[in-house]
Amino acid sequence: MPIQSRGSVRALALVGPTNAGKTTLMESLLLTTGAVGRRPDGGAAEKVGDASPEAKARGHSVELNLASFDYLDDHYTVVDCPGSLEFCTEVDAAVPAVDLAIVVADADPAKATLLQPTLRELERLGIPRALFINKMDQARGSLQELLDALAPVSTAPLVARQIPTFQGEKVTGFIDLALERAFVYRPGEPQQIEIPEELKGEEADARFHMLEQIADFDDELLEQLLSDLTPSRDAVFADLVREMNEGLIVPVFFGSAINGFGVERLLKALRHETPAPERAAERLGLDGPGAYVLKTAYVGQSGKLAFARVFGGKLDDSADLTLPNEERARVGGLFAVQGPNIKKIAQAGVGDIVAIGKVEHAASGQILSVTGQPQQLRSAMRARRPLFAVALAAKNRQDDVKLSGALSKLIEEDPGLSITHDQEGRQMLLAGQGEGHVRLAVERLKRRFGVEIDTSQPKTPYRETIAKGATQRSRHKKQSGGHGQFADVTIEVRPLPRGSGFVFQSRIVGGVVPKQWVPAVEQGVRDGLEKGPLGFPVTDLEVTLTDGQTHAVDSSEMAFRVAGRMAIEEAMGVTGTILLEPIEKLTVYSPSPAASHVTSALTARRGQILGLAPREDWKGWERIDAYLPQSERQHLINELRGLTQGLGAFEADFDHMSELTGRLAEEATNAAKQPAGAH
């Protein structure tokens, strides 16, 4: 049977920092609307969110939670998003498809900054948003103090739709400023009461401030306020809805998800104010019926599922689909999703979020077209650069093929992961958005695919260069019966400036080394430079072939290649070599209060601070430019996020090589001499 899409269908994203209470709010919405049953004590009979072992172990979301409920004949799907930046790629593809994002915030003013990355991303995507301040039953201080702390994190003005009422220091209810009605919290629906006499003045001031904010985008309302005319309630609601839908304002609601306080009021606002699915379809760029893929996952016996939102028309089981690359596929099963549970259905309606089976090449962020013609997104998904990597290998070499297949599936599910093969270091590197992100992938390799993994730190690509110039003559002579091997070469070597690489030239005159064998000498020199005396490739030098000798019978291309290698190896014994380490140019983003701690952390890692300035268009943030040795970057993201309440981020690019001496150089060269696979 189809999903019961009575009335309108809306998709809501719950976004915000970790531990703000997003999953708790989802559970409260399900409980309030009867989508899940109640226990005798009034709590939910079942938990829908964070069902995976990894989420349970961490105590917070590490993947999307999907659940649906009906409210007053409308159907809603909630996309509960992880809050940690470690798992941001779970959110990147999903959020563009929703109608409204509910940003869940803690009532503590000290945590206001945590919302800024979320709000800025929603602004970039053009997604309407509302703010739900959670845990108001634990709040201390005034609502205005909280709003003042929150205001700088949003480009659009925050418009308080309610003010709390107190009994002592405890929040016991609220006054709805649009309705001009007071409510007292009760289990289930709040009880309406008369506005207390002592609060009428505060309510009038708060309502007038709300009207002033929305009048900034409505000349007619502004004129009414200036003329001391009272706008109609319908006009006020129309402005609130329009301005939120256009992203001009961010309405603010509050409550306590764990107690169900404020949830019924939020539901009523959502019913009237959430935009229609057609706006999301237009934002994505759909030009006909299709399904937008929020994510893909391999789910037990069901195989690969594409979790997608349906736009433009109903979607039937066995419908024909066209992928963006023009590949054709057929729906191999439609499923309604409620947390970890899926249920087969025959049809999905416009706006529904469902799981689609057997679309093997579907990927998150794609449009699966039902028109017979491929459809492309209006704008490309955000590309996230990896911030942390580990080298990994199967503990049992017999699992290598199994590991390769498992990694392919994980990367299909999570575009934030990537695999690279470091040929120089002979390592396979798994990279992601932070250490927690990568460790989660390793845990899934074991739990879901049965592959035991060994991990180690990625090797740093050190280099060597010569300390001084030298001239070296080397002869390769070998006689073993019949034709022998003979080559004699003289080379001059000299150091070059950093970044010059390797330069080879010949000054041979008179044919002492035949022209056809000069390239063999160069190749031999290159062979010798692959591993210098310290154990690393050699760079930044010039080698000139100046003289040589041949034998009419025994000289050959191979002999001159061997002689070239011998010459450079013997020359480096004379010149000595210097160890070089790669230095990266980092751009680090940090909230301003933590910037000094971040610069200290970079300095402690041998970083050189190049500059510190306000981050462009981000109030209360700093941009720090620095040079940092690549070897010092490995666990930087952990420290950075520890210093910035989980908000810090950086971008890193190779810049130059720099000389490394002393204990660190000794440690690097000793490590290079370890047998392959030793830790």
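Just give me the residues in the range 643-668 being touching a helix residue (DSSP H, G or I) at 6+ places or on another chain (Cβ under 9 Å), outside any loop (DSSP other than H, G, I, E, B) and either of a type in the set (A, V, I, L, M, F, W, C) or under 20 Å from G434 (Cβ atoms) (or both), in sequence order.
Correct list: L643, A649, F650, A652, F654, L664, A668.
Going by the conditions given, is R378 of a type outside the set (F, W, Y), touching a strand residue (DSSP E or B) at 6+ places or on another chain (Cβ under 7 Å), farther than 24 Å from D317 by Cα and part of a loop (DSSP other than H, G, I, E, B)? Explain how you work it out, then say what you get.
On the way: of a type outside the set (F, W, Y): yes; touching a strand residue (DSSP E or B) at 6+ places or on another chain (Cβ under 7 Å): no; farther than 24 Å from D317 by Cα: yes; part of a loop (DSSP other than H, G, I, E, B): yes.
When the stated conditions are applied, R378 does not pass them.
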Tell me whether the range 229-238 contains one or more residues that are crowded, with 21+ Cβ neighbours inside 10 Å and touching a strand residue (DSSP E or B) at 6+ places or on another chain (Cβ under 8 Å).
no
Any hit, the range 495-506, residues being surrounded by fewer than 18 Cβ atoms within 10 Å (Cβ to Cβ), among the aromatic types (F, W, Y) and closer than 28 Å to N670 by Cβ:
yes
How do the strands (runs of 3 or more DSSP E) wholly within the range 60-111 filter down when requiring 3 or more residues that are farther than 23 Å from I342 by Cβ and of a type in the set (D, E): which remain?
none
Please name all residue pairs, on different chains or six or more residues apart, with Cβ atoms under 7 Å, provided the first residue is in the range 444-471 and is of a type in the set (F, W, Y) and the second residue is assigned to a loop (DSSP other than H, G, I, E, B).
Y462/F536
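Return yes or no: is Q192 of a type in the set (S, T, N, Q) and farther than 22 Å from G255 by Cβ?
On the way: of a type in the set (S, T, N, Q): yes; farther than 22 Å from G255 by Cβ: no.
So Q192 fails the test.
Can we say F650 is closer than 30 Å to A151 by Cα and of a type in the set (F, W, Y)? Show your work before the answer.
On the way: closer than 30 Å to A151 by Cα: yes; of a type in the set (F, W, Y): yes.
For F650, the condition - closer than 30 Å to A151 by Cα and of a type in the set (F, W, Y) - is met.
Search the range 511-542 for residues being assigned to a loop (DSSP other than H, G, I, E, B) and aliphatic (A, V, I, L, M), and hand back the single one that is surrounded by the fewest Cβ atoms within 10 Å (Cβ to Cβ). Break it down stepwise before answering.
Narrowing the range 511-542 to residues assigned to a loop (DSSP other than H, G, I, E, B): 511-514, 530-537, 539-540.
Those still in the list that are aliphatic (A, V, I, L, M) too: 512-513, 534.
Details: V512: 15, V513: 26, L534: 22.
So the residue we want is V512.
Can you pull out the residues in the range 551-572 that are farther than 25 Å from T465 by Cα and either in a helix (DSSP H, G or I) or assigned by TED's automatic domain parsing to the domain that holds M657 (or both)?
Kept after step one, since they are farther than 25 Å from T465 by Cα, are these residues of the range 551-572: 551-559.
Correct list: E557, M558, A559.
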Exactly one condition in (1) surrounded by 19 or more Cβ atoms within 10 Å (Cβ to Cβ); (2) in contact with a Phe, Trp or Tyr (Cβ under 7 Å, 6 or more places away or on another chain) is false for R271; which is it?
(1)
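Please work out if A20 is small (G, A, S), at pLDDT 85 or above and touching an Asp or Glu at 6+ places or on another chain (Cβ under 6 Å). Before the answer, list the steps.
On the way: small (G, A, S): yes; at pLDDT 85 or above: yes; touching an Asp or Glu at 6+ places or on another chain (Cβ under 6 Å): yes.
The answer is yes for A20.
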May I ask you to list the residues in the range 98-123 that are within 14 Å of N19 (Cβ to Cβ) and either surrounded by fewer than 20 Cβ atoms within 10 Å (Cβ to Cβ) or within 15 Å of the chain's Cα centre (by Cα) (or both)?
D108, A110, K111, T118
Neighbours by Cβ (under 6 Å, 6+ apart or cross-chain): first from the range 301-314, under 14 Å from G332 (Cα atoms); second of a type in the set (S, T, N, Q) and crowded, with 24+ Cβ neighbours inside 10 Å
A306/T296
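Conditions tested, residue by residue: (1) among the polar types (S, T, N, Q); (2) surrounded by fewer than 20 Cβ atoms within 10 Å (Cβ to Cβ).
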position: Q347; (1), (2): yes, yes
position: I353; (1), (2): no, no
position: A363; (1), (2): no, yes
position: F388; (1), (2): no, no
Conditions: (1) assigned to a strand (DSSP E or B); (2) over 48 Å from the mean Cα position of the chain (by Cα); (3) loosely packed, with under 15 Cβ neighbours inside 10 Å. G548 meets all but one. Number of the miss?
(3)
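Residue-by-condition table, conditions (1) of a type in the set (S, T, Y); (2) within 30 Å of L150 (Cβ to Cβ):
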{"residue": "K619", "(1), (2)": "no, yes"}
{"residue": "Q634", "(1), (2)": "no, no"}
{"residue": "E639", "(1), (2)": "no, yes"}
{"residue": "M657", "(1), (2)": "no, no"}
{"residue": "T661", "(1), (2)": "yes, no"}
Members of the range 114-128 found to be in a helix (DSSP H, G or I), out of contact with any Ser or Thr (no Cβ under 9 Å at 6 or more places or on another chain) and not hydrophobic (A, V, I, L, M, F, W, C), listed by number:
P117, T118, E121, R124
Answer from S68, S52 - the residue that is crowded, with 20+ Cβ neighbours inside 10 Å and at negative phi:
S68
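The values are calculated or read from the model by the stated rules, or taken from the named source; none is laboratory data. All figures in this text were calculated on a predicted structure; none of them were measured in a lab. Note that we place each Cβ from the backbone using ideal geometry, even for glycine, and neighbour counts take in every protein chain shown.
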